[in-house]
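FYI, it's all coordinate maths here, none of it is from the lab. Owing to the predicted nature of the structure, the values given are computational and were not obtained by experimental measurement. Here Cβ is always computed from backbone atoms with ideal geometry, including for glycine, and neighbour counts include all displayed protein chains.
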Amino acid sequence: MKLHSGQVAVVTGAANGIGRAVAEALRARDIRVVLADLEADAVAEVAAALGPDTLSVPIDVADAAQVRRLADTTMERFGRVDLVFNNAGTAAGGPVWAVEPEEWQRVWGVNVQGVVNGIRAFVPLMIAAGRGHVVNTSSLAGVTTGMFNAPYAATKHAVVSLTETLHGELSVLAPGIGATVVCPGPVDTRMLRSITEGIEPLLADGDSTPPQPTEGWLASLAPDQWARFAPALGAVGQLAAEAIPAARAAEMILAAVEADRLYVTTHPHWAPQASDRVAAIVADMQASA
Ligand SMILES: NC(=O)c1ccc[n+]([C@@H]2O[C@H](COP(=O)([O-])OP(=O)(O)OC[C@H]3O[C@@H](n4cnc5c(N)ncnc54)[C@H](O)[C@@H]3O)[C@@H](O)[C@H]2O)c1
């Protein structure tokens with residue numbers, strides 16, 4: 001979808017990080033923006049900093065009724081909606097079997113149900129208007145194989161699948177409406193720093209096994225498990241070195257929307273990891289003959 005002045009966009013998770021940067025990039029194009037976030041004060045401050053033609057709405061995207069009210073509020077204030085960025089997200093770590101049920105539900109509620117709620121609230125409005133574009137945020141974790149972040153990886157895979165399905169359905173039932181799934185690599189935000197800053201002190205000792213943390217799920221590992229896990233920390237530490245600014249990620253996302261591309265990543269040089277995963281699936285499927 002071509003972006004132009006006068007359009008209206010809704011961005012969830014807009015108080016921080018990538019969502020905030022997307023809102024700023026949209027305002028720079030004179031697009032009116034509704035900023036939604038769990039953090040009421042923070043999102044109000046961001047909206048105020050972006051000036052008039054913005055609106056802040058405190059919201060939990062996991063709650064369908066709140067997302068529907070977000071759509072109603074958008075229509076009451078601006079009378080149209082052209083773009084929705086289902087960007088709000090959260091993470092959890094640990095081996096699959098050790099993550100508590102409440103943690104699974106929390107991550108599922110935000111990362112999957114939050115996206116579904118956004119699609120359900122906004123796509124009918126777009127179909128009625130005959131135009132629009134839905135942007136759902138997944139992750140490189142949604143197209144590659146990882147470890148120790150199953151709630152995040154599984155929900156981000158779900159976002160890819162949801163968006164692929166939505167894209168196909170819209171192409172048949174409402175061809176004027178586009179869909180894009182964002183698969184960021186490391187972007188310098190609070191979410192990334194919450195992961196890497198906990199790891200950096202553990203990397204200080206170089207090759208020797210660092211002391212085991214006394215908090216969080218890493219504390220639950222037996223000493224031999226910790227010794228086998230510790231070498232994997234280097235890859236996590238590498239994320240910080242590869243991180244790009246959120247403003248750069250926002251520009252890449254908007255370029256993909258303008259080009260009507262289904263998939264976009266901030267780190268194209270990691271694409272071979274996605275093809276390695278698909279190749280492993282295909283190889284085992286063919287071996288099943
Ligand atoms: N930063 C990265 O390296 C990275 C990489 C891949 C994917 N992502 C994805 O990008 C998106 C944005 O992440 P970010 O890095 O900007 O994180 P962030 O923590 O900086 O910002 C996320 C925002 O979402 C809001 N939020 C969380 N739960 C919410 C809820 N239930 N309802 C409404 N708002 C809620 C938070 O308050 C916060 O303002 C997420 O979906 C994340 O999974 C980020």
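Computed from backbone phi, the HN-Hα couplings of region 279-289 come to 4, 5, 5, 5, 4, 6, 5, 5, 5, 7, 5 Hz, rounded to whole numbers (Karplus: 6.51 cos²θ - 1.76 cosθ + 1.60, θ = phi - 60°; Gly and Pro given as x). Each Lys and Arg Cβ is given +1 and each Asp and Glu Cβ -1; about its Cα centre, region 188-242 then shows a dipole of about 140 debye. Amide H contacts of ILE244: VAL187, ASP188, each under 5 Å away and 5 or more positions distant or on a separate chain (H built 1.01 Å from N in the peptide plane; Pro and chain starts excluded). Across region 188-242, Cα pairs under 8 Å and at least six residues apart give a relative contact order of 49 percent. Spatial offset of region 125-168 relative to region 1-43 amounts to 19 Å, using the alpha carbon center of each. If R0 equals 35 Å, the separation of the Cβ atoms of GLU39 and MET75 corresponds to a calculated FRET efficiency of about 0.90. Rounded to whole numbers, the Karplus 3J(HN,Hα) couplings from phi for region 63-69 are 9, 4, 5, 5, 5, 5, 5 Hz, using 6.51 cos²θ - 1.76 cosθ + 1.60 with θ = phi - 60°, and x at Gly and Pro. For the chain, modelled as a GNM whose springs connect Cα atoms under 10 angstrom apart, the maximal fluctuation among ALA153, ALA222, ALA14 occurs at ALA222.
Each of HIS269 and SER208 was given a label point 7 Å from its Cα along the Cα-to-Cβ line. The distance between the two points is 3.3 nm. Take every Cα pair under 8 Å whose residues are at least 6 apart in sequence, average their separation, divide by the length of region 1-127, and the relative contact order is 26 percent. Each distinct pair of alpha carbons in the chain adds a 1/r term; the inverse of their mean, the Kirkwood radius, is 19.9 Å. Across region 19-28, computed HN-Hα scalar couplings (Karplus, 6.51 cos²θ - 1.76 cosθ + 1.60, θ = phi - 60°) run x, 4, 5, 5, 4, 5, 5, 5, 4, 4 Hz from first to last residue, x flagging Gly and Pro.
Comparing mean-square fluctuations of GLN113, GLN225, GLN66 from a GNM of the chain with C-alpha springs under 10 Å, the top value falls on GLN225. Given +1 at the Cβ of Lys and Arg, -1 at the Cβ of Asp and Glu and no other charges, the dipole of the chain around its Cα centre is 880 debye to the nearest 20.
Seen through its C-alpha gyration tensor, with square-root eigenvalues sorted a ≥ b ≥ c, region 31-159 comes out prolate because a/c lies at 1.5 or above while a/b is bigger than b/c.
Of the residues ILE127, GLN225, VAL43, the one whose Cα sits farthest toward the positive end of the charge dipole of the chain, with +1 on the Cβ of Lys and Arg and -1 on the Cβ of Asp and Glu, is ILE127.
With 0.36 nm allotted per residue and the present C-alpha distance subtracted, the SER5-ASP260 stretch has 90.0 nm of extension available.
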